[in-house]
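A short worksheet on the structure shown next.
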Amino acid sequence: MSKSLKYSKWIESPDEHEDRPGQSLATRSHEVIRQWAEGRQAVPATVEGTEHDDRPGVLRLNFPGYGGRDLKEVGWEEWFGTFDQRGLVFIFQEHKSDGAMSNFFRLDNPEREDG
């Protein structure tokens, strides 16, 4: 298990939130992930050129105004299908430690040996 995941607060529903700004949170809940992303106008995407046999490659979220030229937008169903198939965990922040909205997230695979 990665240090990020080990020290994150686990979130099961959109009704649960950080205890303090800057706290790392973790979830596998599609509803939590989608609500967090949509609150930041981010859309599901993959990195172009990383696909495998018509399956999405590296998963990302595309935030408006942050580049994304190498990203290919995909639907939530396809994104979550890949997310679940790979056994990933969404690690994120709601707010930075100064209280500003945070776009920080990463995808973690807790089964990875170097995690």
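The values are calculated or read from the model by the stated rules, or taken from the named source; none is laboratory data. Owing to the predicted nature of the structure, the values given are computational and were not obtained by experimental measurement. We place every Cβ from the backbone using ideal geometry, glycine too, and count neighbours over all the protein chains shown. Remember, those area values only see protein heavy atoms, side chains included, never the ligands or the DNA or RNA. Shrake-Rupley method; radii C 1.70, N 1.55, O 1.52, S 1.80 Å.
Of note:
- Restricting attention to region 31-70, the residues that are open to solvent by 80 Å² or more (accessible area, probe 1.4 Å) and either closer than 22 Å to residue 5 by Cα or among the hydroxyl-bearing types (Ser, Thr, Tyr) (or both) add up to 5.
- Test: residue in region 49-70 that is in contact (Cβ under 8 Å) with a residue 12 or more places away in the chain, in a loop (DSSP other than H, G, I, E, B) and within 21 Å of residue 13 (Cα to Cα): no
- Every residue from region 71-93 that is open to solvent by less than 50 Å² (accessible area, probe 1.4 Å), without any contact (Cβ under 8 Å) to a residue 60 or more places away in the chain and outside any strand (DSSP E or B): 74, 75, 76, 79, 80, 81, 82, 83, 87
- Test: residue in region 107-115 that is farther than 20 Å from residue 40 by Cβ and among the basic types (Lys, Arg): yes
- Subset of region 1-44 that is under 23 Å from residue 72 (Cβ atoms) and either at pLDDT below 95 or part of a loop (DSSP other than H, G, I, E, B) (or both) - its residue that is nearest to the chain's Cα centre (by Cα): 42
- Test: residue in region 95-114 that is of a type in the set (A, V, I, L, M), under 23 Å from residue 9 (Cβ atoms) and either under 16 Å from the mean Cα position of the chain (by Cα) or surrounded by 14 or more Cβ atoms within 10 Å (Cβ to Cβ) (or both): yes
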